[in-house]
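Chemist: My questions all concern the structure below.
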Amino acid sequence: MERIHKIWEHPLYQEQFQALQKAESERIFCNHTLEHFLDVARIAYIQNLETGAGLSKVLIYAAALLHDIGRYRQIAHGIPHEKASTALAERIMSECNFTQEEIHTVCESILNHRGSTSSSDGTTPKAALEKRSSAVEDSCQLLSQLLYRADKLSRNCFSCPAEGECNWSIDKKNRRITI
């Protein structure tokens with residue numbers, strides 16, 4: 001997973017990560033820390049294994065590390081974080097020896113990780129995609145769905161002291177320990 005560590009060490013990633021940490025230092029709600037990024041990666045990878053989605057561990061970890069890296073640009077400049085994160089991911093991944101197909105898959109999943117492609121009917125990502133034909137597009141949608149669910153499951157809303165003040169809708173909040 002050398003390329004994953006290269007993402008972490010990339011100067012642009014570190015610049016954006018440090019700016020985000022500073023911007024969120026007084027925030028009472030969930031912060032976008034390294035722990036959050038790694039929790040998302042681990043949960044998504046576990047779900048990938050449990051559902052038989054068959055996605056690459058490297059792609060899952062790359063997407064998780066990069067999915068919210070644009071949050072500082074949202075805070076500072078009003079750019080939606082999924083768009084800012086996608087632009088940053090494309091540049092960082094291209095400089096960390098990812099293929100164009102890998103970059104496309106991760107960038108599409110980041111762009112859609114806020115739920116626009118997520119299945120809300122409880123089906124597994126693989127079952128939700130049985131009718132699709134393009135392997136790359138299948139990977140994009142699978143990774144988007146895994147990222148969306150892992151992002152929500154990584155948050156412990158059920159034990160958060162600021163949960164009552166949070167503007168997330170009830171259906172997005174992780175209100176119980178889920179296994």
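Chemist: Pairs, please: C-beta under 6 Å, at least 6 apart or cross-chain, first residue closer than 16 Å to Trp8 by Cβ and in segment 47-76, second at pLDDT below 95 and in a loop (DSSP other than H, G, I, E, B)?
Modeler: Taking only residues 6 or more apart or on different chains, the pairs are His67/His113; Asp68/His32.
Chemist: To continue, here is another question. Restricting to segment 1-20, name every residue that is open to solvent by 50 Å² or more (accessible area, probe 1.4 Å) and free of Cβ contacts under 8 Å to residues at least 40 places away in the same chain.
Modeler: Result: Glu2, His5, Glu9, Pro11, Glu15, Gln18.
Chemist: Scan segment 34-63 for residues that are under 30 Å from Glu165 (Cβ atoms), open to solvent by 40 Å² or more (accessible area, probe 1.4 Å), of a type outside the set (A, V, I, L, M) and in contact with a helix residue (DSSP H, G or I) (Cβ under 9 Å, 6 or more places away or on another chain) and jot them down.
Modeler: The answer is Asp39, Arg42.
Chemist: Which one of the conditions (1) more than 28 Å from Asn156 (Cβ to Cβ); (2) in contact (Cβ under 8 Å) with a residue 60 or more places away in the chain; (3) open to solvent by 60 Å² or more (accessible area, probe 1.4 Å) does Phe29 fail to meet, given that it meets all the rest?
Modeler: Of (1) more than 28 Å from Asn156 (Cβ to Cβ); (2) in contact (Cβ under 8 Å) with a residue 60 or more places away in the chain; (3) open to solvent by 60 Å² or more (accessible area, probe 1.4 Å), only one is false for Phe29: (1).
Chemist: Is it the case that segment 64-73 has a residue that's open to solvent by less than 10 Å² (accessible area, probe 1.4 Å), closer than 26 Å to Glu2 by Cβ and modelled with pLDDT under 95?
Modeler: no
Chemist: Okay, next question. Scanning segment 74-115 for residues that are surrounded by fewer than 22 Cβ atoms within 10 Å (Cβ to Cβ) and of a type in the set (S, T, N, Q), which turns out nearest to Cys30 (Cα to Cα)?
Modeler: The selected residue is Gln74.
Chemist: Could we say that Ala162 is out of contact with any strand residue (DSSP E or B) (no Cβ under 7 Å at 6 or more places or on another chain) and open to solvent by less than 50 Å² (accessible area, probe 1.4 Å) here?
Modeler: The answer is yes for Ala162.
Chemist: Then there is this: Could you list, in sequence order, all residues of segment 122-159 that are in a loop (DSSP other than H, G, I, E, B) and either modelled with pLDDT of 80 or more or open to solvent by 60 Å² or more (accessible area, probe 1.4 Å) (or both)? I'd like the intermediate steps shown before the answer.
Modeler: We begin by selecting, within segment 122-159, every residue in a loop (DSSP other than H, G, I, E, B); these are 122-124, 129-134, 154-156.
Gly122, Glu130, Lys131, Arg132, Ser133, Ser154, Arg155, Asn156, listed by residue number.
The values are calculated or read from the model by the stated rules, or taken from the named source; none is laboratory data. Just so it is clear, the structure is predicted and the values come from calculations on it, not from any experiment. Every residue, glycine among them, receives a Cβ derived from its backbone with ideal geometry; neighbour counts consider all protein chains shown. Side chains are part of the model used for accessible areas, which takes the heavy atoms of the whole protein and leaves out ligands, DNA and RNA. Shrake-Rupley method; radii C 1.70, N 1.55, O 1.52, S 1.80 Å.
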